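The values are calculated or read from the model by the stated rules, or taken from the named source; none is laboratory data. Model, not experiment: these values are computed from the prediction. Every residue, glycine among them, receives a Cβ derived from its backbone with ideal geometry; neighbour counts consider all protein chains shown.
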Amino acid sequence: MESILRHRPEAVLEMFVYDKRMEKQDERLRDVLALAKQMGVGVQTVKREAMEKHAGAQNQGVAVRARPKMVGNNNDLQALLARQESANPLVLVLDGVTDPHNLGACLRTADAVGATAVVVPRRNACGLTPVACRTAVGAAETVPYFEVNNLAQTLSGLQKKGYWVVGTGLGAESQPLREFSLSGPTVVVMGAEGDGMRRLTTEQCDYLVEIPMRGYVESLNVSVATAVVLYHLRG
């Protein structure tokens with residue numbers, strides 16, 4: 001909520017506040033209302049039924065109606081990376097993640113570790129849905145997000161620019177994550193829920209790493225695995 005008001009106030013059409021929460025304003029809500037006023041955003045006080053209509057049954061009593069965020073393409077990604085001044089830029093690639101909750105959680109982690117960008121294929125991905133944006137808790141507004149037509153070609157292009165591509169998955173060439181370290185421009189590729197990375201994506205990777213599993217389960221949820229890998233490399 002606060003993130004979109006700060007980063008894309010021109011996209012916000014109106015704000016809705018549950019009447020019971022408006023009556024008992026806490027400091028956080030007062031700050032958000034002050035920011036909305038500063039940005040010229042109209043605020044409507046609504047009953048519970050209307051609040052649930054706008055934000056679903058699980059909400060915090062505040063919601064906005066906004067224009068969708070414009071999604072960048074491969075050219076936009078290249079332009080961003082050309083402006084990048086960090087010696088260790090980090091790009092997160094999600095190969096076919098279709099669950100919006102997982103996408104949102106991955107965006108949140110990407111923001112937390114200071115990732116340069118998040119890249120997904122244009123097809124076989126869930127996209128920046130309202131659920132993904134809510135789960136991201138503001139990170140959908142702060143992390144540059146790009147959809148590309150050919151993920152393998154994009155990875156190849158990044159390699160030519162000096163990026164190491166690190167994929168995650170089990171295999172004969174996989175290294176235990178705890179024994180793996182890398183510096184410099186890096187791309188981390190996380191595979192889809194259940195199926196992992198596609199063959200062409202796997203073949204494009206310079207390194208493959210795996211998260212050691214000491215219990216009975218064979219794998220982690222992709223958003224949890226993303227957090228483990230990113231924090232190991234950049235945390």
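General observations
- Here Val32 meets the list (1) outside the structural domain of Tyr145 (by TED's automatic domain parsing); (2) without any contact (Cβ under 8 Å) to a residue 12 or more places away in the chain; (3) part of a helix (DSSP H, G or I) almost entirely, failing just condition (2).
- Residues of the stretch 37-56 satisfying the condition of being within 16 Å of Arg67 (Cβ to Cβ) and either of a type in the set (Gly, Ala, Ser) or part of a strand (DSSP E or B) (or both): Gly40, Gly42
- Where a residue in the stretch 170-188 is of a type outside the set (Ser, Thr, Tyr) and its partner, wherever it lies, is part of a loop (DSSP other than H, G, I, E, B), with Cβ under 6 Å and at least six apart: Pro176/Pro212; Leu177/Ile211; Pro185/Pro89; Pro185/Gly162; Pro185/Tyr163; Val187/Tyr163
- Residues satisfying the stated conditions in the stretch 160-175, i.e. touching an Asp or Glu at 6+ places or on another chain (Cβ under 7 Å), among the hydrophobic types (A, V, I, L, M, F, W, C) and part of a loop (DSSP other than H, G, I, E, B): Leu170
- Condition check for Leu200: surrounded by 18 or more Cβ atoms within 10 Å (Cβ to Cβ), in contact (Cβ under 8 Å) with a residue 24 or more places away in the chain, in the same structural domain as Gly114 (by TED's automatic domain parsing) and of a type outside the set (Val, Ile, Thr): no
- Test for Val209: is it in the same structural domain as Thr98 (by TED's automatic domain parsing) and under 18 Å from the mean Cα position of the chain (by Cα): no
- A single entry from Ser219, Ser223, Ser183 fulfils the requirement of being in contact with a helix residue (DSSP H, G or I) (Cβ under 6 Å, 6 or more places away or on another chain) and either crowded, with 20+ Cβ neighbours inside 10 Å or in a loop (DSSP other than H, G, I, E, B) (or both): Ser223.
- Applying a threshold of 7 Å to beta carbon distances and a minimum spacing of six or more residues, or different chains, the list of pairs starting in the stretch 82-100 at a residue that is of a type in the set (Asp, Glu) and ending at one that is in a loop (DSSP other than H, G, I, E, B) reads Asp95/Met197; Asp95/Arg198; Asp99/Cys126; Asp99/Glu193.
- Condition met for Val131 (within 30 Å of Val43 (Cα to Cα), outside any loop (DSSP other than H, G, I, E, B), in contact with a helix residue (DSSP H, G or I) (Cβ under 9 Å, 6 or more places away or on another chain) and in contact (Cβ under 8 Å) with a residue 40 or more places away in the chain): no
- Leading residue by the ranking (modelled with the lowest pLDDT) among those in the stretch 50-80 that are under 13 Å from Val148 (Cβ atoms) and not charged (D, E, K, R): Val71
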